[in-house]
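Trainee: Quick one: the structure is below, and I'll ask about it shortly.
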Amino acid sequence: MEFKEFIAASDDAGRRFDRVIRKLFRENGLSSLYKAMRTGTITLNGKKSPPDAIVQHGDVIAVAAALYAHSRHLPMGAVPELPEPFSAVFCNEHLLVLNKPYGVPTHGARSVAAALAETAARPSLSFRPAPLHRLDRRTTGLLVCAQSIAGARWFSAALAAHCVQKTYLAIVEGALEHPGEWHDAVKKNPAERSRFHTVSLSPHGKCASTAVTPVAFGTLCAHPVTLIRCTIATGRTHQIRAQAAAHGYPLLGDTAYGARALPYDTQLFLHAHTLSFPENTLCIPATLTAPVPDTFLNAAETCRIDLRDCTE
């Protein structure tokens with residue numbers, strides 16, 4: 001019987017045999033994979049092995065050629081460049097930080113996750129590069145993606161410990177004249193899942209904390225607008241959008257939260273501008289900054305705000 005061999009990488013080490021196989025052959029049914037392990041058409045280091053066997057770095061997993069031929073598994077290959085319109089702000093063996101463009105979802109069809117799945121190298125059998133947090137489809141800016149298990153674990157732990165500081169730029173309606181801190185409870189609206197407006201303030205919701213600083217003032221169609229800097233201490237769905245609207249300053253163009261519609265293709269101006277990281281051994285910089293997209297710059301210029309000076 002002819003076999004195709006795969007070599008376990010460092011990111012596969014310590015994982016159960018069956019979990020590596022399930023990641024390797026996502027499209028195959030579980031029953032067929034377990035049967036293959038029992039019958040020896042999938043082996044570990046040349047032997048039939050139980051599903052709970054622990055895979056080590058350098059182990060050889062052999063798969064019968066007939067089984068592999070019917071799989072839709074994507075083979076390992078060289079590292080291609082990410083397609084337009086994606087651009088990397090930082091990349092090493094552990095983390096990839098992208099400047100996410102407007103209109104691209106984090107997950108789902110035609111998303112950041114899908115682009116990574118199609119283009120990233122596959123040195124590991126069971127690990128796939130993927131986003132480690134989420135940005136709304138209409139939010140631009142810094143999005144952190146895992147390049148290794150070590151990177152994923154480090155970032156997730158730092159995020160959970162509130163050691164990663166996220167700062168956004170936004171244009172809001174109204175003249176927000178003084179800095180402040182918004183502490184609210186927000187809750188998803190299950191009855192409105194099909195609409196953009198999916199979050200509202202509720203005493204039964206989860207805590208959302210945002211520090212807000214006005215940066216510059218302008219006008220649009222004789223109405224005052226403000227460029228603000230938001231630093232979030234929590235990461236709730238639509239946090240900045242919901243809180244800004246609730247405090248009387250909806251994001252410019254955010255009609256789902258009560259703002260006036262705009263005559264632009266871009267209908268929301270929220271940009272994940274900087275990320276600050278704790279000291280680490282993974283060679284992740286202390287601070288990363290994503291350039292503001294042209295659509296945001298043009299909207300600011302229309303509002304008579306020189307955003308280039310504000311972000312230097």
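Trainee: Net charge around residue 254, counting only other residues with Cβ within less than 10 Å of its Cβ (Lys, Arg = +1; Asp, Glu = -1)?
Mentor: Cβ neighbours under 10 Å give a net charge of +2.
Trainee: For an R0 of 51 angstrom, estimate the FRET efficiency from the Cβ-Cβ distance between residue 233 and residue 34 and round to the nearest 0.05.
Mentor: 0.70
Trainee: Need one number: nm distance between label points at residue 289 and residue 157, each 7 Å from Cα along Cα→Cβ, rounded to one decimal.
Mentor: In this crude label model, residue 289 to residue 157 measures out at 3.0 nm.
Trainee: Under a crude label model (7 Å from the Cα following the beta-carbon direction), how far is residue 255 from residue 201 in nanometres?
Mentor: So the label points at residue 255 and residue 201 sit 2.5 nm apart.
Trainee: Rounded to whole Hz and in sequence order, give me ³J(HN,Hα) for the stretch 100-109 from the Karplus expression 6.51 cos²θ - 1.76 cosθ + 1.60, θ = phi - 60°, writing x for Gly and Pro.
Mentor: 5, x, 5, x, 9, x, 6, 10, x, 5
Trainee: I want to check the label-to-label distance for residue 117 and residue 65. Put each point 7 Å from Cα in the C-beta direction and report it in nm to one decimal.
Mentor: Modelled inter-label distance: 2.9 nm.
Trainee: Would you mind calculating the gained length between residue 177 and residue 2 on full extension (0.36 nm times residue separation, minus the Cα-Cα distance), in nm to one decimal?
Mentor: The residue 177-residue 2 span can extend by a further 55.8 nm.
Trainee: Go through the stretch 175-272 and name the trypsin sites (Lys or Arg not before Pro) that are in a DSSP coil and have 13 or fewer other Cβ atoms within 10 Å of their Cβ.
Mentor: 193, 195, 260
Trainee: Kindly list the residues of the stretch 9-38 that lie in the label zone of residue 52, defined by a backbone N under 13 Å from the point 7 Å along the Cα-to-C-beta vector.
Mentor: In the stretch 9-38, the label zone of residue 52 (backbone N under 13 Å from the point 7 Å along Cα→Cβ) covers 16-18.
Trainee: Let me ask something else. Longer than 21 Å from Cα to Cα, which of 4/48; 23/166; 100/166; 4/47 are they? Say none if no pair is.
Mentor: The pairs that break the limit, which is 21 Å between Cα atoms, are 23/166.
The numbers here are math on the coordinates, done by the rules we state, and not lab data. For clarity, every value in this text was computed on a predicted model and none was experimentally measured. Heads up, the Cβs are rebuilt from the backbone with ideal geometry, glycines too, and the neighbour counts pull from every protein chain shown.
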